[in-house]
Amino acid sequence: MTAKSMDELVSLCKRRGFIFQSNDIYGGLKGLYDFGPMGVELKNNLKQAWWKSMVYERDDIEGLDASILSSPIVFKQSGHEDTFTDPLIDCRSCKSRWRADQLADGACAKCHSKDLTDSRPFNLMFKTSIGPVDDGTSFAYLRPETCQQIFTNFKNILDSTNRTVPFGIAQIGKAFRNEITPRNFIFRVREFEQMELEFFVEPGTDDKWHKYWINSRYNWWINQGISKKNIELKKVSKDELSHYSKETIDIMYDFPHGKEELEGIANRTDFDLGSHTKNQKDFEISSKVIDNQNSTTKLAVQNINDKKWFIPFTIEPSAGVERGVLALLNEAYTEDKKNSRIVLALKSHLAPIKAAVIPLKRNNDKLVSYAKNIKENLQKVGLGRVILENTGNMGKNYRRHDEIGTPLCITVDFETLEDDSVTIRDRDTMNQQRMESKDLIKYYKKYFD
Ligand code: GAP
């Protein structure tokens, strides 16, 4: 099941501490959101699942965490200074601003006036000044995508790890875009996180690797709990392709507001390393790179057979964390009419809280101390957050934990004090079983295996 509307998700997210409008107490700041106690856990679990599958479970990918502030030269060479723009139109009547493609009928979407300016390119990159003097000469960009610093670190990583192609560099981190019209909750925002892999391959093997990563990324989302009927692959048309791409396949998800991009998998050819390398003329570069007179480093590898140096091609799966969270919340949102409850049926590895330990009576020293001990032991297993709920109201606790997706609730009652047994309730089936406390850890580990 999925949510019936975006409003249902927005309401759940606020009510249960997943996502809040940023700067809320001062009226909010458009296009920015804060992740609350449940949101930060869900987001971390999603990022961890990605990192595990990209870095830990493979032997051909290294990790990176590079700086957000970047030299303007990086974005000159990447093409962003000249081309990372959206077409902007102003309404002269109500002063609102629009992206040209949002005004299909040539009228302002707010006041319906036709008194509009011509469309002009608006660069989406945020600038900030660097150092104590803001004289406009020394500025930096807040990166609009995480991958450029992967390219600039290519040689550092090659040299420090002895890798050669095919191999990849993975990074998760913040990206910033001054979107003209942020919208649809956390779908299009001005500050977000990306999970990006740049996978470097020998020219000629790029189509094969592109197919491999499309397949791999599609299956990964299915394994996170996205149902096949809500996800599809779409080839980006030639006129919509980014300047660096030879071919891009988008993974499209059926969000509550419509079918839109969740992740893009691009064949970026040799454009990026070719644009950032020194001595460009020494290499056979197939793409139309940006002339580089500043780079100090050769971003190339040597063919082991003929010893010729070449610029690798890059295959890039790039996913948005916020869009992933939105898709997963939507997939998991279940209205269980029979039992008058909302259940967030998240896969257990993504659930913000793995187990809630609940003493039947609030502030009862013996029950609370017994429950605390269970909580501490389960927490030590290291599978994620375990919580002690010392609120006493079982009905309310079950309702809350169903809505935040806690797979297991463990109740400590007066019988526990006599026979060392507890009750475990399963989120999805609502089944309750009695179990000896000594068997809990084994059961818990097996459940999340
Ligand atoms: N490095 C390639 C790149 O950045 P992109 O298609 O512009 O490509 C990749 O972005 C992913 O980042 C998108 O598929 C989307 O999930 C996410 N994303 C992009 N802009 C976003 C925004 N304004 N708000 C939230 N997520 C965004």
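The values are calculated or read from the model by the stated rules, or taken from the named source; none is laboratory data. The structure presented is a predicted model; accordingly, all values stated were derived computationally and were not measured. Note that each Cβ is placed from the backbone with ideal geometry, even for glycine, and that neighbours are counted across all protein chains shown. Heads up: the accessible areas ignore ligands, DNA and RNA and are worked out on the full protein's heavy atoms, side chains in. Shrake-Rupley method; radii C 1.70, N 1.55, O 1.52, S 1.80 Å.
Brief remarks follow.
- Sorting the segments 174-182, 347-355, 409-417 by their residues' average number of neighbouring beta-carbon atoms within 10 angstrom, most packed first, yields 347-355, 409-417, 174-182.
- Contact order relative to length of the chain, as percent, for alpha carbon pairs under 8 angstrom and 6 or more apart: 14
- Share of pairwise Cα separations in segment 135-246, more than 25 Å, in percent: 39
- Residue-span extension gain [PHE20 to PHE414] - 0.36 nm each, minus C-alpha spacing: 138.0 nm
- Separation of the alpha carbons by more than 23 angstrom is noted, of LYS347/LYS438; LYS337/LYS445; LYS228/LYS259; LYS174/LYS246, for LYS347/LYS438; LYS337/LYS445; LYS174/LYS246.
- The shape of segment 334-407 comes out oblate: with a ≥ b ≥ c from the C-alpha gyration tensor, a/c is at least 1.5 while a/b does not beat b/c.
- For the pair segment 310-334 and segment 257-302, the centres of their Cα atoms are 21 angstrom apart.
- Segment 1-111 - Debye-derived log10 I(q)/I(0), Cα point model, q = 0.13, 0.23 Å⁻¹: -1.00, -1.11
- Solvent-accessible surface of the chain, averaged per residue with a 1.4 angstrom probe and all protein chains in place: 48 square angstrom.
- Helix 394-404 axis, angle to the chain major axis (alpha carbon atoms, nearest 10°): 20
- Taking PHE84, PHE200, PHE271 as the candidate residues, the one with maximal mean-square fluctuation in a Gaussian network model of the chain, Cα springs under 10 Å, is PHE84.
- Per-selection metrics, segment 71-219 (Cα): Rg and Dmax in Å: 19.9, 61
- Among LEU158, LEU273, ALA319 the positive-end extreme of the charge dipole of the chain (Cβ point charges): ALA319
- Among 284-297, 395-408, 322-335, the peptide with the highest mean count of other Cβ atoms within 10 Å heads the list, and the full ranking is 322-335, 395-408, 284-297.
- Binning all Cα-Cα separations of the chain at 20 Å, short to long from zero, yields these whole-percent fractions: 21, 48, 26, 5, 0.
- In degrees, nearest ten, helix 37-51 long axis to first principal axis of the chain (Cα): 60
- In this structure the amide hydrogen of GLU247, modeled in the peptide plane, comes within under 5 Å of the amide hydrogens of ASN267, none closer than 5 places in sequence on its chain.
- Here is the list for segment 1-95: GluC sites (Glu not before Pro) lying in DSSP coil, each with at most 16 other C-beta atoms within 10 angstrom of its C-beta, are GLU57.
- The accessible surface of the chain, taken with every protein chain in place and a 1.4 Å probe, is 48 percent carbon and sulfur.
- Residues whose amide H comes within less than 5 Å of that of ILE19, counting only those at least five positions distant or on another chain, are LYS14, GLY36 (H built at 1.01 Å from N in the peptide plane).
- Distance from segment 399-435 to segment 165-208 (C-alpha centre basis), Å: 41
- Residue by residue, segment 301-314 carries 3J(HN,Hα) couplings of 10, 9, 5, 5, 7, 9, 6, 7, 7, 9, 8, x, 7, 10 Hz when phi is fed to the Karplus relation 6.51 cos²θ - 1.76 cosθ + 1.60 (θ = phi - 60°); x denotes Gly or Pro.
- GNM on the chain, alpha-carbon springs under 10 angstrom: the most fluctuating residue among SER78, SER245, SER96 is SER96.
- Computed about its Cα centre, the charge dipole of segment 1-151 is approximately 620 debye, with only Lys, Arg, Asp and Glu carrying charge at their Cβ.
- Alpha carbon convex hull of segment 201-331, volume per residue in cubic angstrom: 131
- Cysteines without a disulfide-compatible neighbour (Cβ-Cβ under 4.7 Å), the chain: CYS13, CYS147, CYS409
- Helix-only CD estimate at 222 nm, as mean residue ellipticity for the chain, using -39500 (n - 2.57) per DSSP H run (n ≥ 4): -8000 deg cm²/dmol
- Projecting the Cα positions of PHE283, ASN123, VAL422 onto the charge dipole of the chain (unit charges on Cβ atoms of Lys, Arg, Asp and Glu, taken about the Cα centre) puts VAL422 furthest along the positive direction.
- Helix axis angle, 321-332 relative to the chain longest principal axis, alpha carbon, degrees: 40
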